[in-house]
Structures are given as structure tokens and as C-alpha cells.
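Read-outs throughout are calculated quantities, based only on the coordinates presented, and are distinct from any laboratory measurement. No experiment lies behind these values; they were computed from the predicted model shown. Virtual Cβ from ideal backbone geometry, glycine too; neighbours counted across all protein chains shown.
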Amino acid sequence: MGKQFSQLLIIQFKEFFREPGALFWSFIFPILMSFALGMAFTDKPEITQHAAVVLPTAKDSSILNSYLNTKCKKSSVAKFEFQNTVDNNELGKTTTHFLPTTLIESERMMKRGQIEIILTENNGKINYHFDPANSASRLAYMTISAMIDGKNIVSKNAVIKPLQTKGTRYIDFLVPGLLAMGIMSSCLWGISYGLIEKRSKKLLRRLVATPMKKYWFMITMFISRFVFAILETIALLTFAYFVFGVTIQGSMIAFAAILISGSFFFMGLSILLASRTANTQVGNGFISAITMPMMLLSGVFFSYSNFPDVVIPIIKYLPLTLFADSLRSIINEGYGVAEIMKPLLILSLTGLGTFFVGLKIYKWY
């Protein structure tokens with residue numbers, strides 16, 4: 001019995017390590033994502049923005065023409081002609097690159113995402129053309145209008161105090177989301193797709209024809225996948241600690257508990273998804289239909305609070321949302337077991353339910 005268990009466990013590990021793609025998506029991809037997005041949004045030395053300027057025909061009396069020629073200098077960006085840098089002690093540097101062009105060309109640049117705002121002039125007044133829903137464009141409007149009008153970006157009566165509290169940076173928000181997403185993807189693709197592929201190739205039929213105990217096969221698959229989840233967690237958190245200084249501020253017991261319950265839920269869901277499917281293309285569709293909406297809605301990369309209020313209560317109870325929010329609460333806010341008991345129970349009980357239902361209707365051949 002012990003030999004059967006050990007051999008099945010070894011098989012599960014060998015199958016994983018024989019797939020270079022699995023190693024990349026499980027270990028390297030989350031680290032690359034955290035590095036790229038962390039560098040893009042954390043401790044950025046300056047803000048750079050781009051504007052197209054449509055000059056009026058009478059350039060001598062143009063406010064924009066006068067501003068570009070007296071207040072700006074040659075741009076360091078090849079496509080843009082002028083630039084102006086405002087170095088504020090409290091907000092840091094803001095560099096704006098300007099390109100005098102036509103209205104048609106400026107609209108084309110806006111469509112391609114090359115600029116944030118378009119400036120035109122009419123009857124001695126400057127018009128700012130941008131999408132108010134775009135935060136980068138709104139920032140460009142506020143900074144550029146202040147520069148042209150000669151006003152301070154920061155009010156003299158205001159005092160800006162940068163946050164020093166741990167867990168307030170974007171990278172602190174990102175890492176728990178990547179961790180939750182990685183475990184979800186690892187479980188669903190590693191277990192569910194693996195079982196569907198074995199059924200489609202008639203490997204499950206051959207396995208059950210041997211003296212193998214079916215429950216040993218499932219247990220070893222769970223154990224191997226959980227070991228990989230732990231390794232993924234260690235790899236990502238180690239990288240985040242040494243590169244960005246991300247630390248776990250809450251209870252390690254709570255962290256381990258939510259890691260186990262989240263992994264168990266997605267493992268149970270994997271069994272349910274793979275219980276009857278024998279076609280890998282159908283299985284691929286099922287997994288994608290579950291993972292993609294949650295990756296977009298559950299606040300992995302950006303907060304789900306930007307969605308309409310009517311759908312937020314639904315989003316909050318998505319499995320990936322519960323998992324990611326709990327990890328963030330522990331890592332960034334110092335939560336313990338008591339504070340995460342509700343998502344812990346939801347993930348554990350629903351995971352148990354999907355596991356038993358999946359086993360009940362499971363088709364081995």
C-alpha cells in the first residue's frame with residue numbers, strides 16, 4: 001500500500017517537471033508579472049505625459065505658441081518637439097512633451113494611445129480635449145493648465161505627506177492577487193486539464209485496470225499540486241521581499257489556513273470540471289470560462305471597486321475574490337484567523353462540496 005502511494009506520488013511530480021511550460025507558468029510568470037508591474041507603478045521617479053498642440057493660424061498672437069517658445073525647451077523624445085519639466089518638492093517631477101500638429105493627426109495619436117490630451121486655441125482661450133474618464137488625461141489637464149496659467153500645482157495652504165505605512169503601495173496590492181491567481185490557474189490547469197487529457201488518451205481506463213486504489217490516485221494528485229502551490233508561494237514572496245520589501249504582517253497561521261482552503265477549493269472545483277469531460281477542447285473551454293472572468297473581475301491587478309455598485313456584492317463572493325482579499329488582509333493589514341474566518345469557511349466548505357460531487361459523478365473511462 002505504501003509503495004503504491006509513493007509510486008503514484010512520484011509519477012505526479014515527474015509529469016509536472018517534464019513540462020517546461022508548466023514550470024514557466026507556475027514559477028517564472030508570476031515573478032515576471034510582479035517585477036514588470038512593480039517597476040511600472042512603484043517608486044516611479046517622475047511622471048511623463050504627452051500632449052498634441054493644434055496652433056491657430058495667427059501664431060503671433062497665440063498663447064500656445066508663446067508658451068512653447070518661451071517656457072519650453074527641445075524635447076528629449078524624438079517624435080515630440082517641446083518639453084517642460086516641473087520639479088515639485090512634494091509631488092516630484094512632471095515632464096510634459098508637446099507636439100504641434102494638425103487636429104486630424106492629433107486625434108489619430110489619441111486613438112493610438114500616444115498622447116493623453118489635445119490642446120487647441122480659440123478666441124484667445126485654450127481648449128483641452130480629453131476623455132474625463134481617463135485618469136491619465138485628467139492628470140495631464142490639471143498639470144498642463146496649471147503650467148500654462150503660471151499657477152502652482154500644489155496649493156500654498158496644502159501640505160503633502162507621503163504615506164510610509166506598509167502595504168499601501170501598488171506592489172503590495174499586486175502580489176497577493178498574483179499569488180491567488182497563480183494557485184487557481186495551477187490547480188485548474190494542472191489537475192482538471194490533466195485528468196481530461198488522461199481520459200481522452202484512455203490512460204485512466206488503463207490505470208483503473210491495475211490494482212491501483214482510485215482514492216490513492218486522487219490523494220497523490222492533490223498532494224503534489226499542493227506542494228507546487230507552496231513552492232510557487234515561496235518563490236513569489238521571496239522575490240517580492242528582496243526586490244520590493246513586501247512582508248507578511250499578519251498571522252502566519254491565518255496565512256497557511258487561507259492558502260490551504262483556497263488551494264483545496266480550486267482542487268475540488270478541478271475534480272468537478274474533469275468528472276465527465278473527455279474532450280480536451282471542451283475542457284479548455286470550461287476552464288477558460290471560469291478563470292478568465294475571475295481574473296478580470298476579482299481585483300487581481302486592479303481594485304474591483306471601479307465596477308458599478310450593483311455588481312460589487314456579487315464580485316466580493318467570487319472564489320478568487322475571497323482568496324485574494326483574504327491574502328491581502330493578512331499580508332498588508334495584519335489580519336489573523338478570526339478576521340478571515342468567513343472566507344475560510346466558505347472556501348473550505350464549497351471546496352469540500354465540489355470535491356465530493358465531482359468524485360460521485362466521476363467517470364474513469
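Observations
- Rounded, prolate or oblate (a/c below 1.5 giving rounded, otherwise prolate when a/b exceeds b/c) for segment 46-149 by Cα gyration tensor: rounded
- Cα-Cα over 19 Å, subset of K3/K201; K213/K363; K71/K93; K93/K151; K3/K363; K79/K111: K3/K201; K3/K363
- With a Förster radius of 45 Å applied to the beta-carbon distance between A338 and H129, the computed FRET efficiency rounds to 0.30.
- Here the gap between A235 and Q114, fully extended at 0.36 nm per residue and compared with their Cα-Cα distance, gives a gain of 39.9 nm.
- The stretch between E81 and Y215, if pulled fully straight at 0.36 nm per residue, gains 41.3 nm over its current Cα-Cα span.
- Computed label-point distance, nm, for sites L55 and A146 using a 7 Å Cα→Cβ extension: 2.7
- Residue separation of V282 and K93 scaled by 0.36 nm, minus their Cα-Cα distance, works out to 62.9 nm of gained length.
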